[in-house]
Amino acid sequence: MENEEQREQNREKHHRSEERRKKDHRGAKTFRRGRALAFLERLNSKRSTLKRQLETPELQSINPILVGELKAMESVIDEFVQLFEIHEVDESAEASENEK
């Protein structure tokens, strides 16, 4: 009888700790998403810089290198967006980039 009561108490403790872990997990997930979005902003900034460099007359001699770097950067951004499923942010970043 006492053994059954102890098992029930252990189940309740386990259940409460699982609920606590789930709540904590959501917060950590939000934090990581924020960091991923900040990193995506930096990648988009680098892409914008490369595009501006392509239009700079002084850098025409290294144009093929810049084109290669731009393609690589766009590939990294595409993979990053797909991996972290942040498509809505990518669309807003493109909209703000087109306004420039």
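The values are calculated or read from the model by the stated rules, or taken from the named source; none is laboratory data. The model shown is predicted, which means the values in this text are computed figures rather than measured ones. FYI the Cβ positions are ideal-geometry reconstructions off the backbone, even for glycines, and counts take in every protein chain you see.
Considering the range 1-48, and only residues there that are modelled with pLDDT under 90 and of a type in the set (A, V, I, L, M, F, W, C), the residue that is nearest to the chain's Cα centre (by Cα) turns out to be Phe31.
Quick one: is Glu69 in a helix (DSSP H, G or I) and either farther than 28 Å from Ile86 by Cα or modelled with pLDDT under 95 (or both)? So Glu69 fails the test. Could you look through the range 47-66, keep only residues that are of a type in the set (Ser, Thr, Tyr) and either out of contact with any helix residue (DSSP H, G or I) (no Cβ under 7 Å at 6 or more places or on another chain) or not in a helix (DSSP H, G or I) (or both), and pick out the one that is nearest to Arg35 (Cα to Cα)? Across the range 47-66, the extreme among qualifying residues is Thr49.
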